[in-house]
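Take a look at the structure set out below.
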Amino acid sequence: MGFPRLWAALLRNWGRWTARPGPRVPGLPPMAGNKVPPALASHQPDRKGRGGWVWEETEHPAKRVKGGEDEEPPRKLPKRKIVLLMAYSGKGYHGMQGVSAAGQVVSLKVWLIDDILDKINSHLPSHIRILGLKRVTGGFNSKNKCDARTYCYMLPTFAFAHKDRDVQDESYRLSAETLQQVNRLLACYKGTHNFHNFTSQKGPREPSARRYILEMYCEEPFVREGLEFAVIKVKGQSFMMHQIRKMVGLVVAIVKGYAPESVLERSWGEEKVDVPKAPGLGLVLERVHFEKYNQRFGGDGLHEPLDWTQEEGKVTAFKEQYIYPTIVSTERDERSMAQWLNTLPIHNFSGTALGAADTGAKVPSSLEGSEGDGDTD
């Protein structure tokens with residue numbers, strides 16, 4: 001028998017031989033107790049070295065961890081797929097479509113450590129907050145699984161004053177009749193329309209220019225720092241670059257008396273229509289909807305619906321503390337809406353604007369990055 005086969009036989013039977021005193025190992029003298037024979041002491045195996053073996057002396061004691069007791073190495077926790085509810089003020093940086101957000105949702109894999117939200121927020125500035133966390137399915141993607149988005153657009157109500165009034169009359173208050181007119185015009189956007197005139201680089205016959213709007217309306221006005229504001233809300237399946245700002249801009253032009261109401265219908269046709277683009281300052285991502293996901297997984301007993309009802313208080317508090325004050329103070333300091341309103345007379349609403357470039361003057365603003373109203377396909 002060669003040495004490798006002999007060694008293997010010794011290893012297979014060593015435990016049985018040492019289980020009782022005085023075993024007889026073939027070819028070796030009898031021994032008492034459980035001591036390893038000296039002849040084998042220098043040939044103890046360890047599965048690390050040449051050919052899978054390392055020869056080492058058994059006199060060296062096994063290494064122990066600090067504390068004097070053997071401990072198993074800590075097990076690595078698996079990462080889990082989650083979504084985070086984020087809120088941030090859009091001033092001072094560019095990212096995540098460039099607008100402020102009160103209900104942005106992102107998906108990622110993380111280790112679910114204790115107090116994870118507090119630990120993440122401890123590394124963020126106060127105007128960027130993680131408001132909630134939920135477990136989701138392993139293949140969930142927050143962008144691809146989104147059914148709809150709700151945006152709001154906050155603007156001073158003097159934007160709806162007739163063109164004969166001072167362009168920035170801070171004493172102006174929105175009447176019930178004008179609010180009704182605004183909502184009637186905004187409701188015209190509901191349904192599926194061709195919005196190629198409300199974005200750039202889209203032809204009238206491109207299928208992706210057709211977008212579905214579920215609702216659009218203006219809420220009751222309110223006063224901040226002596227200036228009256230109102231919030232327009234719009235929910236749609238998806239939006240193109242600049243689409244929401246142009247939807248707001250065209251309604252403002254109609255209400256002020258610069259454009260006829262018929263321009264709305266014409267803007268959905270194939271001809272090129274000159275549609276003004278309202279400033280980006282007041283645009284806020286309000287909510288991301290996952291209705292199909294909720295129907296399929298929200299009630300399966302394993303996953304939570306992505307509705308964020310428990311976080312509504314945090315969302316409202318963040319808007320009141322960071323987003324709305326930023327819009328109000330920036331509007332007062334930079335007068336972005338008033339400057340834009342001064343450009344409306346140079347737009348041509350009576351005919352087509354085929355081949356014409358955007359006539360809107362550049363409105364300087366620290367929030368001018370708020371250009372991406374949604375998808376930019």
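The values are calculated or read from the model by the stated rules, or taken from the named source; none is laboratory data. Remember, it's a predicted structure, so these values are computed and weren't measured experimentally. Cβ placement follows ideal geometry from the backbone for every residue including glycine, while neighbour counts extend to all protein chains displayed. Only protein heavy atoms, including side chains, enter the accessible area calculation; ligands, DNA and RNA are left aside. Shrake-Rupley method; radii C 1.70, N 1.55, O 1.52, S 1.80 Å.
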Restricting attention to the stretch 283-321, and to residues there that are surrounded by 15 or more Cβ atoms within 10 Å (Cβ to Cβ) and among the aliphatic types (A, V, I, L, M), which single residue is modelled with the lowest pLDDT? 306
Would you confirm, using the coordinates I've provided, whether residue 350 is more than 30 Å from residue 80 (Cα to Cα), touching a Gly at 6+ places or on another chain (Cβ under 9 Å), surrounded by fewer than 18 Cβ atoms within 10 Å (Cβ to Cβ) and modelled with pLDDT under 90? no
For the stretch 200-299, give me every one of the strands (runs of 3 or more DSSP E) that falls completely inside it and has 2 or more residues that are among the charged types (D, E, K, R) and closer than 25 Å to residue 329 by Cβ. 227-236, 283-289
Tell me which of these residue 314 doesn't satisfy, since it passes every other one: (1) touching a strand residue (DSSP E or B) at 6+ places or on another chain (Cβ under 9 Å); (2) on the phi > 0 side of the Ramachandran plot; (3) not aromatic (Phe, Trp, Tyr). (2)
Any chance residue 241 is touching a residue at least 12 places away in the same chain (Cβ under 8 Å) and open to solvent by 40 Å² or more (accessible area, probe 1.4 Å): yes
From 122, 126, which residue is of a type in the set (Ser, Thr, Tyr), more than 21 Å from residue 312 (Cβ to Cβ) and open to solvent by 20 Å² or more (accessible area, probe 1.4 Å)? 122
If you take the residues in the stretch 95-109 that are surrounded by 14 or more Cβ atoms within 10 Å (Cβ to Cβ) and not polar (S, T, N, Q), which one is modelled with the lowest pLDDT? 96
Residues being open to solvent by less than 20 Å² (accessible area, probe 1.4 Å) and not in a helix (DSSP H, G or I) - total across the stretch 150-171: 8
Can you tell me which residue among 110, 106 is closer than 30 Å to residue 279 by Cβ and without any contact (Cβ under 8 Å) to a residue 40 or more places away in the chain? 106
Would you mind stating whether residue 186 is in a helix (DSSP H, G or I), within 29 Å of the chain's Cα centre (by Cα) and aliphatic (A, V, I, L, M)? yes
I'd like the residue in the stretch 190-199 that is in contact (Cβ under 8 Å) with a residue 40 or more places away in the chain and in a strand (DSSP E or B) and, out of all such residues, is surrounded by the most Cβ atoms within 10 Å (Cβ to Cβ). 193
Looking at the stretch 155-169, which of its residues are under 36 Å from the mean Cα position of the chain (by Cα) and not small (Gly, Ala, Ser)? 155, 156, 157, 158, 160, 168
Kindly provide the set of residues from the stretch 248-277 that are buried (at least 23 other Cβ atoms within 10 Å of the Cβ) and in contact with a strand residue (DSSP E or B) (Cβ under 7 Å, 6 or more places away or on another chain), ordered by number. 248
